[in-house]
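Notes to accompany the following structure.
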Amino acid sequence: MAPSRGLYHVQHTSHRLIEGGRNMALARRAFTSFSEKVANPANRVQSYISRSNNPYLNLSIEDHILRTSPPDSAILFLYTNRPCVVIGRNQNPWLEVNLGILNAAKSGRAKDTEPPAIGNVDLVRRRSGGGTVFHDEGNVNWSITSPRAEFTRDKHAEMVVRALRKLGIARARVNERHDIVLDQGHVKRDCDSQDTHRTPYTIDDGAGPRPLKVSGSAYKLTRGRALHHGTTLLASPNLHIIPQYLHSPAKPFLKAKGVESFSSPVGNIGLRDEIFQKYLQEEFAAMYGAGGKQPTVEIVGEEYLNIPEIRRGYEELRTADWMFSQTPQFTLTNYPTNESASSNSHINQTLTTPVARFHMTIHHGVIKDCEIDGPQSSKDTHDRIRTQLLDRKLQDIQNWSDLLAHDGQAAHPEVTMIARWLAEIMPTPQLPKPDCIY
Amino acid sequence: MVARLLVAHGARQLTSSAVRRPASFFPSTCQRWQKASAQHRLFSVSAAVKAKQYTEDHEWIELSPDGKTCILGISDYAAKQLGDVVYIELPQLDMEISAGDAIGAVESVKSASDILTPIGGKVVDRNGVLEEKPGTVNRDPEGDGWIAKIEVEGKPEGKLMSKEEYTAFTEEV
């Protein structure tokens, strides 16, 4: 940051400051005009692309567009995020994500399975519904905000399929889950080329290789507006490790309300970002533009954090409360209960270590109910642990062993086992620290 | 828990009595109302307030006869539009709310939609049944699928419509 030292630079410091101030003012004008442009009723078709790879920022710009764009407008927004795991609004991060490996590179923690060496992976809860997805630089996200009255859950996925087919991806189609898949059939059959829900390679369920998912959809609906956003795996270098991020070690022990992800085999389309973005922008213009005319594509970026509404949304997405307390109620149990005996029958096989029985109920991220019972540890110990855990925020627990230890002394072996087990399956990832981009 | 269920049940009856009353019952019901209003004028005024009112966001509210509380839910039309509801985020008890606030959310087919309140006050009850059976909102959005009970403070804000006006509004959209 610091300029190289020397008389020349010292003499020019004041000049540089003025220059910098002028640039800042220009930048500020640019993003003030962004808010005005988005909200201007005359701009019925708008197109943006982000040069930031910050998932929290891109989601907040998207939300700003949803909240402020004119009721009858259609807006395309394209962005690519740095590696991150994005869960749906009503999902459970402990259930959906392998939280222990997100900061693997940072903490240098290596487990029996070597964590993937792709560095820090952000954890994000988006505002739209749906399941958990992995993003990285090989994935292009598209988002379309349009009037709710004419909205269907398939129309924009169909639009993306049309763009892909023009790029020669003949196997792309929209499936019954409103996602885009590539058919894997070996035999080419006759098929209507305009049908975005069928390709010459479509085969019946179970009759051959499963289609590969290349794009997932999610929606946020407001009064008159509908936001549809989707991922597009063009060339992710991480396909082989994505499953590691999306398999939680706590899963066999959790019973959660809310929305659970539907797991699908994924694949890369094999296209370059620029060409896909260009075809998508054209297809969007063909769908919404007057006479198919393309709107000017505006570039947005980090400086948009200076727009107060975007900043607010950005800060909120980065809080522990949004990330964890927003989680629908769930229970953690290390033994089969009557209620869940059938669904938890695999617990016995998975669980080998703790001898004591442990159960807790978590609501809004807070431990609301907790029971521990071991054959060798005393009732006093059980009561103490119960008091220690009740009303505590799960996301605040950094060290289970310290928490369950007795006044700094070693806990009963049964309790130690429970603490170790909890640390293993319920780690707390580091959330992003407050940053100071501006 | 029992107390809450009782309250919930009471609230349910309150809402469903207005919605589900078969058309053929109307004459006799009206006569009863008329009789009552002749004896207690004030009561007839509040009875008029009790009719369900709808917002442009597709929520409904129904004020209690004394106008102190109201039940809030989402409309039949909205429930149909949303498709299969898989999760409902209910408002927290005792939460202070203002007109226009999002007091909860509905998720259906990968879509999140906010539940907005047209009236301010305090949340005094919520329909716990929806936590176990969110599909109740699809089955009976204007009866068993009610969302919350609010202790009303102030007047509703924004446009509120009668059933007829709301039907016309949804046909227009």
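The values are calculated or read from the model by the stated rules, or taken from the named source; none is laboratory data. None of the values given here were measured: they were computed from a predicted structure. Cβ: placed from backbone, ideal geometry, glycine included. Neighbour counts: every protein chain shown. Accessible surface is based on the protein model in full, side chains and every heavy atom, while ligands, DNA and RNA are left aside. Shrake-Rupley method; radii C 1.70, N 1.55, O 1.52, S 1.80 Å.
Below is a table of values for the structure above.
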{"quantity": "A:Val266, A:Val121, reordered so the largest accessible area comes first (probe 1.4 Å)", "calculated": "A:Val266, A:Val121"}
{"quantity": "Within straight-line cross-link reach of A:Lys188, aspartates and glutamates at Cα separation under 15 Å, skipping those fewer than 8 residues along the same chain", "calculated": "A:Asp204"}
{"quantity": "Gained length - A:Glu274 relative to A:Lys393, 0.36 nm times residue gap less alpha-carbon distance", "calculated": "38.4 nm"}
{"quantity": "Residue-span extension gain [A:Val366 to A:Asp321] - 0.36 nm each, minus C-alpha spacing", "calculated": "15.1 nm"}
{"quantity": "Sum of side-chain charges, A:Trp142 neighbourhood, beta-carbon under 11 Å (Lys, Arg +1; Asp, Glu -1)", "calculated": "-2"}
{"quantity": "Averaged over B:109-121, number of beta-carbon atoms from partner chains that fall within 10 Å", "calculated": "5"}
{"quantity": "Calculated diffusion of the range A:132-244, Stokes-Einstein form, Kirkwood radius summed over Cα pairs, 4 °C and 1.567 mPa s, µm²/s", "calculated": "86 µm²/s"}
{"quantity": "Distance violations [Cα-Cα > 27 Å] among A:Lys257/B:Lys68; A:Lys368/B:Lys68; A:Lys293/B:Lys159; A:Lys251/A:Lys393; B:Lys68/B:Lys110", "calculated": "A:Lys257/B:Lys68; A:Lys368/B:Lys68; A:Lys293/B:Lys159; B:Lys68/B:Lys110"}
{"quantity": "Convex hull volume per residue in cubic angstrom - Cα atoms of the range A:23-319", "calculated": "153 Å³"}
{"quantity": "Entries in A:Lys37/B:Lys155; A:Lys155/B:Lys52; A:Lys166/A:Lys213 that, when Cα-Cα distance is taken, lie over 29 Å", "calculated": "A:Lys37/B:Lys155; A:Lys155/B:Lys52"}
{"quantity": "Accessible heavy-atom area order of A:Cys191, B:Cys70, highest first, probe of 1.4 Å", "calculated": "A:Cys191, B:Cys70"}
{"quantity": "At least 50 Å² of accessible area lost relative to the chain alone, listed for the range A:205-252 with a 1.4 Å probe", "calculated": "A:Leu221, A:Arg223"}
{"quantity": "Occluded residues from the range B:84-102, i.e. those whose accessible area drops by 50 Å² or more once the chain is not alone (1.4 Å probe)", "calculated": "B:Tyr87, B:Glu89"}
{"quantity": "Nearest-10 value in Å² for the accessible area of B:Ile103, using the 1.4 Å probe", "calculated": "10 Å²"}
{"quantity": "Sorted largest first, extent of the range A:126-172 alpha carbons per principal axis (Å)", "calculated": "32, 29, 15"}
{"quantity": "Net charge dipole size for the range B:123-173 [Lys, Arg +1 and Asp, Glu -1 on Cβ; Debye, nearest 20]", "calculated": "80 debye"}
{"quantity": "Solvent-accessible surface (1.4 angstrom probe) belonging to A:Asp72, in square angstrom, nearest 10", "calculated": "80 Å²"}
{"quantity": "Accessible area buried between chains B and A, both sides summed, probe 1.4 Å, in Å² to nearest 100", "calculated": "1900 Å²"}
{"quantity": "Average beta carbon contacts from partner chains per residue of A:126-134, 10 Å cutoff", "calculated": "3"}
{"quantity": "Exposure of A:Phe34 as accessible area (Å², to 10), given a probe of 1.4 Å and all protein chains", "calculated": "10 Å²"}
{"quantity": "Burial order of peptide ranges A:124-135, B:132-143 (average beta-carbon count within 10 Å, highest first)", "calculated": "A:124-135, B:132-143"}
{"quantity": "Solvent exposure ordering (accessible area, 1.4 Å, most first) of A:Ser263, A:Ser73", "calculated": "A:Ser263, A:Ser73"}
